[in-house]
Amino acid sequence: HGPVPRMSRLAATLLCDVRLQYRNGFYWAVAFLLAALVIVITQIPEINWRPVLPPLVLGNLVTATFFFMAGLVLLEKKEGTLEAQIVTPLTAVDYLTSKIATLTALSIAEHVFLALITVGTAFSPLALVAGVVFAAALYCLAAFGAVVRYDSINEMMFPVIVWVTLFSLPILHYAGLWSSPLMYLHPFQAPLVVLKAAVYPIAAWEWAYGIGYSVLWIGIGFVWCRRSFQRFVVAAAGAR
């Protein structure tokens, strides 16, 4: 038998990840969060949700991407399945791509629904989905790179609080609470600009920045995560 084709490996991994996420209640958790959001939204007096939607999506994405990715990494480290990847044809890129794809698909469904219950059909689905894809990929990569070095939730709690706080800085800029051109260097400023395009027209340079800078940081994230995989999974397993 020859080597397993990459697409076959990835398809099998995607299916395994969907089963793993379902078995651990991720989809039910998202449904519960959406139900809670619907209850809160219906209790709020009539407001214009359009300016609120972009930062709401960016902030809400943390749960279904960063925290879910962190939980999956810790679960697989505990069960030993992450180290088992070393002796399979599955590469670090395949592993990361599968996790990102499945969690991003879940996030798209969640936030399209969220947009529908807040602004109705007064949004651009393409811009919303693009913004969610960019932000979700960055969150997932940041989660893997940050968490793979730890073995328990207790170890990662304080660093995670710091990470999530840093992720939220573009929201302050969006709200006008911290106006600085330096914020455009922040990785999550770019997805937020694309999310803004879902409810308001943006300039051509903002589209170029939002897409280009997001792709740049996703590439950087993959390089960082591949090195982290080699250091904290492959090398750590070899040291045992």
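List of remarks:
- Selection count, segment 185-210, where residues are open to solvent by 40 Å² or more (accessible area, probe 1.4 Å) and touching a helix residue (DSSP H, G or I) at 6+ places or on another chain (Cβ under 7 Å): 1
- Matching residues in segment 116-134 - criterion: being part of a loop (DSSP other than H, G, I, E, B), of a type outside the set (F, W, Y) and crowded, with 20+ Cβ neighbours inside 10 Å: none
- Counting only helices (runs of 4 or more DSSP H) that sit wholly inside segment 156-240, those with at least 3 residues that are closer than 23 Å to L128 by Cβ are 169-174, 189-196, 204-229.
- Scan segment 55-69 for residues that are under 18 Å from P159 (Cβ atoms) and touching a Phe, Trp or Tyr at 6+ places or on another chain (Cβ under 8 Å) and the total you get is 5.
- Hey, A137 part of a helix (DSSP H, G or I), at pLDDT 95 or above and of a type outside the set (F, W, Y) or not: yes
- Members of segment 72-116 that are among the small types (G, A, S) and under 28 Å from A198 (Cβ atoms): S98, A101, A105, S107, A109, A115
- Of the residues P159, P170, the single one that is more than 17 Å from F229 (Cα to Cα) and buried (at least 21 other Cβ atoms within 10 Å of the Cβ) is P170.
- Inter-residue pairs, beta-carbon under 6 Å, first closer than 11 Å to Y200 by Cα and in segment 122-137, second open to solvent by 10 Å² or more (accessible area, probe 1.4 Å) and not in a helix (DSSP H, G or I), 6+ apart: A127/A197
- A count restricted to segment 216-230 and to residues that are under 16 Å from V93 (Cβ atoms), at pLDDT 95 or above and open to solvent by 80 Å² or more (accessible area, probe 1.4 Å) stands at 1.
The values are calculated or read from the model by the stated rules, or taken from the named source; none is laboratory data. Just so you know, these numbers come straight off a predicted model, no measurement behind them. Cβ coordinates were reconstructed from backbone atoms using ideal geometry, including for glycine residues, and neighbour counts include every protein chain displayed. To get the accessible areas, we keep the full protein, side chains included, count just its heavy atoms, and leave off ligands, DNA and RNA. Shrake-Rupley method; radii C 1.70, N 1.55, O 1.52, S 1.80 Å.
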